1. Where the accessible area of the chain is counted over protein heavy atoms with a 1.4 Å probe, how much of it, in %, is carbon and sulfur?
2. If r is the Cβ-Cβ distance from PHE483 to ALA786 and R0 is 56 Å, what FRET efficiency results, to the nearest 0.05?
3. Quick one: grab Rg to one decimal and Dmax as a whole number for the range 388-534, Cα atoms only, in Å.
4. How big is the dipole moment of the range 134-254 about its Cα centre under a simple scheme where the beta carbon of each Lys and Arg is +1, that of each Asp and Glu is -1, and everything else is neutral? Debye, nearest 20, please.
5. Please name which of PRO253, HIS644, VAL277 has its Cα lying farthest along the dipole of the chain towards the positive end, using unit charges on Cβ (Lys, Arg +1; Asp, Glu -1) and the Cα centre as origin.
6. Along the range 182-196, what does the Karplus equation 6.51 cos²θ - 1.76 cosθ + 1.60 (θ = phi - 60°) give for ³J(HN,Hα), rounded to whole Hz, x for Gly and Pro?
7. Collect residues whose amide H, placed 1.01 Å from N in the peptide plane, falls under 5 Å from the amide H of VAL277; neighbours closer than 5 in sequence don't count.
8. How compact is the range 273-411 by the rule of thumb for globular proteins, expressed as Cα Rg over 2.2 N^0.38 Å?
Amino acid sequence: MSKQIKDLQSPFQRVTRRLSEIAKTPFEKLSEKQRFIAGFALLTIATTLLIQNPFWHSLPDNNYRIGDIVRESIIAPADIYYLDEAATERQRETARAAIRPIFFYEPKRADEAVQSFRSAWESFSRATDREKARPEKANTNTNSVREWPGVGGPELGKVFSARRFTLNELDAVIRLLRENASGDIYSDRDAEYLQSEVEIVDRGRPTDSRLARNPASSMIPLSEARKRLREGLSQIRSLSQREQEAFYAALAPLIQPSVIYDATATENERKTAAEGVAPVAISLKRGQKVADPGDRVTEELLSRINAINNYRASIRVWNRFFGLLALICALYWAAWKFVSHRGIVPRLALSEKRTFALIGIVTLAHTALMAAIFRLAEFTASQNVSPPTNDATIWSFAVPFAFGSLLITLLADRRTGIFVGFFTALIGGLLAPRGLEFTIYAAISSSVAVYGIGAYRSRQTVTIAGLLIGAANIFTAVAIIAFTQQPFVISTLLLSAACGFAGGIIAAAATAVFMPICESSFGILTDVKLLELSNADLPVLGQLALRAPGTNQHSYAVGQLAQEACRVVGGNALLARIGALYHDIGKTAAPEHFVENQIGKNPHDRLKPAQSAKIIISHVAYGMKLAKELGLPQRIIDFIPQHHGTRTLHYFLKKAQAEARDPNEVSENDFRYPGPKPQFREAAIMMIADSCEAAARSLAEPTPENIRFIVTKIIDSIVSDDQLDECDLTLRELTQIRESMIRSLIAIYHSRVDYPGYTPPPSGAFRILPESDDERSRGMKFANPADIPISPGGEIEDEALTSGERLAANHK
């Protein structure tokens, strides 16, 4: 049996069941009251941490920058003394920027360049003259080449020794060198420091300094000075191109910057200036108004706002956390009182504590979703600088405030859904940048989610609800913009409408994700879940049709009867029909022991009455175990024991007493179903429909009179056996149920219309083989409805009749 159950389970069901068992392990040793207190505490703390976690550094409530417009009044919550490090650092940066770049000046760079060239030229000339004065060299045809001793490379000596340059040529070259090496020359890499005023200090006289107001235009870069040197050499016509290049190579390196950036002196001056700035101290009194709505944020105002933010984030963060914890605890207490006085919701069929657990988990998930999107809205606004994209309030319209109310409405009813909507609206107000406005926004959005949808008969219902919520959010967002006196700018309205519509879509998407999770975790039967359970391709229904085809047919017929009766009295017709499909799944363990599946001899002929009763009664226990292992909702499982109630197998009991030596030795409890009696109206209707369908199937002539007789007898027997004492059916409803059963059975078994001129052949005229006794013994037909074996509890006990008794009844 356990192997069969395991084969019917999907891998997902096995994993889910295993995880559920692991999660329940820590709470198994606690009492029911202790589990409730622990769950209440965890729920309260988790919700509070989602709203404000003292261990996280989130963005402050008043997150402004210089130039922004204040959105609401800012008042100091207490006496505050605050050293604004950010403002202090800004002033220090200002002090550093006020220090001009310092350059030192070398006034003798031109003289040094000229002297260096003269010395090299004189050394080269003397060496050349000595070479020419040697006799052994004078008679040779080979010209001696000397190396150039100055900068530019020794190979320049070959050019300079080729001929003797005149004094005019040398004077012109030296004049060019002096002219281009003089003045304020700076290195090209120091150009970045010359964009503003600079201070120039004479290195020979450190106390003497001058201010250059436009240094980039009054000074010459080194590259420009050397360029002018090349142009000047090209003007000396007596020099060849090769000689001009040689002189440029020898002179250009001698031109050096005379104004040089002093990084060390500049940084020392800036450091001294920064150290001289006093820390910015903010002093506020409790209740002092810091800013009004519409004020522009200046540096001074920003320092005061930072002082308040720092006070809230560090000094009183735990005070705020525990205060918020107390408020959330009070809100959940109000929710518990609502649930306990609300009573059991028919669709939920959960206890008060499980209903509260459902509301708490949905609220916790909703709070987490709101907190995440609020943080995302703040982050998005902080990354933009221009309105309206820098306004976190507008981005916050995308928060799915209607998620919780929509989910609970689909799972339970509108009354519970609207309560959860207002409950989460209060929590959303604690998270939102504008608490009051967003509480109203959330309440309106939740109301549309609760009252704007119909029955949940398809997954498309969630999508339609999301579109309705999005449309309502657009209207509410525009109303809030008007209320807060913001200008009606096209970009603001479009962004607000887009975010509001996105809030509805996100709410629908989140609901679609959490709906099956809540259905499975809490065993909640929505209409869509019930329709999914009616799929004949499900393994358990497939096994029932294969192993017990008679029971399968009986289940579908009972479902139709129960569905029509529930519609008459206002019960859940779909629940009754689906419950009927599963109410006899326990018969798959021994299908041949039930009359609707028997072909041939009755196996109970070979068993003692007590054994037969045990087998028949065990289909209830096995059916419940099979249903639980398959993960069927508890409401469906309840149909399995309750449709039999606590009735006895009357005819098997009488047989056992007749066969016993002493009838008093036979225990009636061995022949009684375990129960309980029907606890809700759909189970009671199932009990009636189960017996009525079996009795009508046993009628040889299902005339309206015979059907009325057996239906009335069955209902009277069930009532007299006190099987309906624990459900809420009234006598008026019982009458309506009786008439509905009679109408449905007459419609099923009504006589066919006789066609004129057509005489049907006698029964069996077309049979090729004669009907066997075994076939005749299956499906007993009683001409007299009073002969149908209806027990005092209203059950049909065909199994108690032997094969011979069935043959005799059929022959009658």
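1. Taking all protein chains in place, the chain shows 55 percent carbon and sulfur surface.
2. 0.15
3. Using the Cα atoms of the range 388-534, the pair Rg, Dmax is 15.8, 56 Å.
4. On the way: 19 positive and 18 negative charges, 129 e Å.
For this selection, approximately 620 debye.
5. PRO253
6. With the stated coefficients, the range 182-196 comes to 8, x, 8, 10, 10, 6, 5, 6, 8, 5, 5, 8, 10, 6, 10 Hz.
7. none
8. Against the empirical 2.2 N^0.38 Å value, I get 1.55 for the range 273-411.
The values are calculated or read from the model by the stated rules, or taken from the named source; none is laboratory data. Note that this is a predicted model, so its numbers are computed, not measured. For neighbour counting, all protein chains shown are included, and Cβ atoms are generated from backbone atoms with ideal geometry for every residue, glycine included. Protein only, heavy atoms only, side chains kept; ligands, DNA and RNA dropped before computing areas. Shrake-Rupley method; radii C 1.70, N 1.55, O 1.52, S 1.80 Å.
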